[in-house]
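*Asks:* Next up is a structure, given as structure tokens.
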Amino acid sequence: MNLKKIAGFEAAKEVNDGDIVGLGTGSTTHYFTQKLGDRIKKEEIEIMGIPTSYQSFLQAMECNIPVTTLDEHDVDIAVDGADEIDKDLNLIKGKGGAHTLEKVVDYSAKIFIVIADETKLVENLGNFPVPLEVISKAVKPVFSALKDMGGEPSIRMAKYKNGPVISDNGNFIVDAKFGVVNNPIALEKDLNAIPGVVENGIFSQMTDKAIIGCENGINKINF
Ligand code: 5RP
């Protein structure tokens, strides 16, 4: 069973005719966006998407989903994936390096739904390192600040290019291991207070609903 597909397809039912939709990034939202494209074609609903990355922009084009921007429209509903989801629906995101624009779009949405397979559910965040988008010139002081906070930072290296991953915004991605995150709200705020950090991958207190693909069906958790 493809649990990401189950979650993505289910989330596409939450979109209403006329909605402006935040299009998340990753392999789970891939199914959401695909289903949304199908609905536009079959049901002739009129929606517009706001992509959160080049990946979701290109998929929107492929699926004939008209796109718009935050300058022109407010977001009615955003649907996005996650790397970890805790019991209060706080998230770690950014394995795809797209968390900056994802956060801007997801946080501005009237309704934010996270979708995932059940392996992403955790008691506490922290098994997964926290991704940070960092301007390249600031890496050294940012590393010092992260170490002072108990983190173990490393620059994310590219697989199909020499050197570091460069984000859609032209910055480095730093992954910082913190171990168990007891206070995601404080950590999200503290990480963004480090000069040179553009945005971090903790999404605290913003998720309205989780749609989780499970071996025994769909689990919907409302916050
Ligand atoms: C990208 C993200 C993704 O949404 C997150 O990594 C989940 O990805 P996937 O659905 O492929 O497991 O935050 O920056």
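The values are calculated or read from the model by the stated rules, or taken from the named source; none is laboratory data. Bear in mind that the values here come from a model prediction, so they are computed numbers and not experimental data. Backbone-built Cβ (ideal geometry, glycine too); neighbour counts: all protein chains shown.
*Asks:* Looking at this structure, is L125 buried (at least 22 other Cβ atoms within 10 Å of the Cβ) and within 15 Å of L187 (Cα to Cα)?
*Replies:* yes
*Asks:* I want to confirm something. Restricting to the stretch 90-113 and keeping residues that are under 18 Å from K189 (Cα atoms) and surrounded by fewer than 22 Cβ atoms within 10 Å (Cβ to Cβ), which single residue is farthest from the ligand (Cβ to nearest atom)?
*Replies:* S108
*Asks:* Against the conditions (1) touching a Pro at 6+ places or on another chain (Cβ under 8 Å); (2) of a type outside the set (S, T, N, Q); (3) away from the ligand (no atom under 15 Å from the Cβ), where does L23 fall short? Just the number, please.
*Replies:* Of everything listed in (1) touching a Pro at 6+ places or on another chain (Cβ under 8 Å); (2) of a type outside the set (S, T, N, Q); (3) away from the ligand (no atom under 15 Å from the Cβ), L23 misses just condition (3).
*Asks:* Out of all the residues in the stretch 27-45, which are in a loop (DSSP other than H, G, I, E, B) and closer than 11 Å to I65 by Cβ?
*Replies:* Residue satisfying the conditions is I45 alone.
*Asks:* Filter the stretch 70-80 for residues that are in a loop (DSSP other than H, G, I, E, B) and free of Cβ contacts under 8 Å to residues at least 60 places away in the same chain; which is surrounded by the most Cβ atoms within 10 Å (Cβ to Cβ)?
*Replies:* Once the filter is applied, the top-ranked residue is V75.
*Asks:* Also, quick follow-up: Given the criterion under 25 Å from M206 (Cβ atoms) and modelled with pLDDT of 95 or more, identify the matching residue among N171, N162. Even if it seems obvious, please write down each step before you answer.
*Replies:* Numbers: N162 fails: under 25 Å from M206 (Cβ atoms).
Every option except N171 fails the conditions.
*Asks:* Checking N2 against (1) under 18 Å from the mean Cα position of the chain (by Cα); (2) within 16 Å of the ligand (Cβ to nearest atom): exactly one of these is not met. Which one?
*Replies:* Condition not satisfied by N2: (1).
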